Amino acid sequence: MSGHEEISIKDKWFKIRELIQQVFGKNPDLSAILYIIGMRELGSTQTEFKKEEKVKLMHIATCRVLSTSGHYELEGIDNKGWPVWNLLEKLPNQDMMEQEMYLRHHIINYFEEEELI
């Protein structure tokens, strides 16, 4: 990867964080960004979630952003209206830092695909 691409990815990540900060008034970490994507994917106007629902929202977001690389596919919607995802291909064996970078790339792709940045 060239230095130029690396800067571009950092810029895009910064842009996403800036966008969320403007909307929610908080500087988000990776978990917060996943949580927001999960809420968006759920499509609910509900804003208060129990702890286990927040974890589920982050899981939904992770599945959704990684679906672009064929890791997950949407199976359907459960009886509560929540998306259900199937694991198709395990994630590469990576350390925590590599995993976070892998997720960040997919989150950037999601924001670009959804025309949010």
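Of note:
- Applying 0.36 nm per residue to the separation of I117 and S31 and subtracting their alpha-carbon distance, the gain on full extension is 29.1 nm.
- Entry note, the chain: relative contact order of 23 percent, from Cα contacts under 8 Å with a spacing of 6+ residues.
- Think of the chain as having a plus end and a minus end, set by charges on the Cβ of Lys, Arg, Asp and Glu; of I60, T47, Y72, T47 sits farthest toward the positive end of this dipole.
- Taken about its Cα centre, the chain carries a charge dipole of roughly 420 debye when the Cβ of each Lys and Arg holds +1 and the Cβ of each Asp and Glu holds -1.
- Compared with the alpha-carbon gap, the fully stretched path from V55 to L87 is longer by 9.8 nm at 0.36 nm per residue.
- Here the 3J(HN,Hα) profile of the range 54-59, calculated from phi with Karplus coefficients 6.51, -1.76 and 1.60 at θ = phi - 60°, is 4, 4, 5, 4, 5, 5 Hz, Gly and Pro shown as x.
- Computed over neighbours whose Cβ is under 15 Å from that of M96, the net charge equals -3, Lys and Arg +1, Asp and Glu -1.
- Residues whose amide H lies under 5 Å from that of L116, counting only those 5 or more places away or on a different chain, are absent; hydrogens are built 1.01 Å from N in the peptide plane.
- Per-residue ³J(HN,Hα) for the range 29-36, Karplus 6.51 cos²θ - 1.76 cosθ + 1.60, θ = phi - 60°, Hz, x for Gly and Pro: 9, 4, 4, 5, 5, 4, 4, 5
- Note that the range 83-97 has calculated 3J(HN,Hα) couplings of x, 10, 10, 10, 6, 9, 9, 4, 5, x, 6, 9, 7, 4, 5 Hz, one per residue in order, obtained from phi through the Karplus relation 6.51 cos²θ - 1.76 cosθ + 1.60 (θ = phi - 60°); glycine and proline are x.
- Sequence-distant residues sharing a close amide H with W85 (under 5 Å, placed H): E75
- Over the chain, DSSP H runs of length four or greater, each weighted -39,500 (n - 2.57), average out per residue to a 222 nm ellipticity of -20000 deg cm²/dmol.
- Where GluC sites (Glu not before Pro) fall in DSSP loop in the range 22-117, at most 12 other Cβ within 10 Å: E48, E89, E114, E115
- Overall dimensions of the chain as given by Cα atoms, namely Rg and Dmax in Å: 14.5, 47
- Of the trypsin sites (Lys or Arg not before Pro) in the range 1-105, those whose Cβ has at most 15 other Cβ within 10 Å and which sit in DSSP loop: K26, K50, K80, K90
Read the figures in this text as sums done on the coordinates, not as results from a lab. Note that the structure is predicted; figures quoted are calculated from it, not measured. Note: ideal-geometry Cβ built from the backbone for every residue, glycine included; neighbour counts use all protein chains shown.
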